[in-house]
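The values are calculated or read from the model by the stated rules, or taken from the named source; none is laboratory data. Every value quoted in this text rests on a predicted model; they were computed, and no experiment measured them. Cβ coordinates were reconstructed from backbone atoms using ideal geometry, including for glycine residues, and neighbour counts include every protein chain displayed. What goes into the accessible areas is simple: the full protein's heavy atoms, side chains included, and nothing from ligands, DNA or RNA. Shrake-Rupley method; radii C 1.70, N 1.55, O 1.52, S 1.80 Å.
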Amino acid sequence: VKTVPLNLFLDDTSGNTTKKWNKFESCVMSLAAMPFKEQCKVENMFFVCTSNKLLIMEMLPELVKDLGALEKGVEMFDVEYGKPVLVVGVVHFLMADNPMHTAVACSLGAKARLPCRKC
């Protein structure tokens, strides 16, 4: 059994100076067990999903299903051992900017009648 901790990065990206046009919601994954300097390299970041039509909250149910299956374990072939092994992937950390964390947590933030950072 191989356990692989994963970091997910969620963000709304755009090629424009304002995010009003051509806005994409994206999810990228990296391996949490790697040193941070290695995690930040392009070749160690794994694209998960993106959309300019769906919000991240609309993409999360399918993503959670896939991550749930990975948490239960997926059989994969290990070249080093020359036989199949069970790989278990666990989400270690969810990285995002403040607006994206607010969206994922379903928080109203400053718009709430009784804003509270604890709930």
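Taken over region 30-60, the criterion of being closer than 14 Å to Asp12 by Cβ, without any contact (Cβ under 8 Å) to a residue 24 or more places away in the chain and open to solvent by less than 90 Å² (accessible area, probe 1.4 Å) is satisfied by Cys49 alone.
Residues that are modelled with pLDDT of 90 or more, under 21 Å from Leu6 (Cα atoms), among the small types (Gly, Ala, Ser) and surrounded by fewer than 13 Cβ atoms within 10 Å (Cβ to Cβ) within region 63-119 comprise Gly68, Ala69, listed in sequence order. When region 1-17 is limited to residues that are among the polar types (S, T, N, Q), at pLDDT below 90 and assigned to a strand (DSSP E or B), the one that is least open to solvent (accessible area, probe 1.4 Å) turns out to be Ser14.
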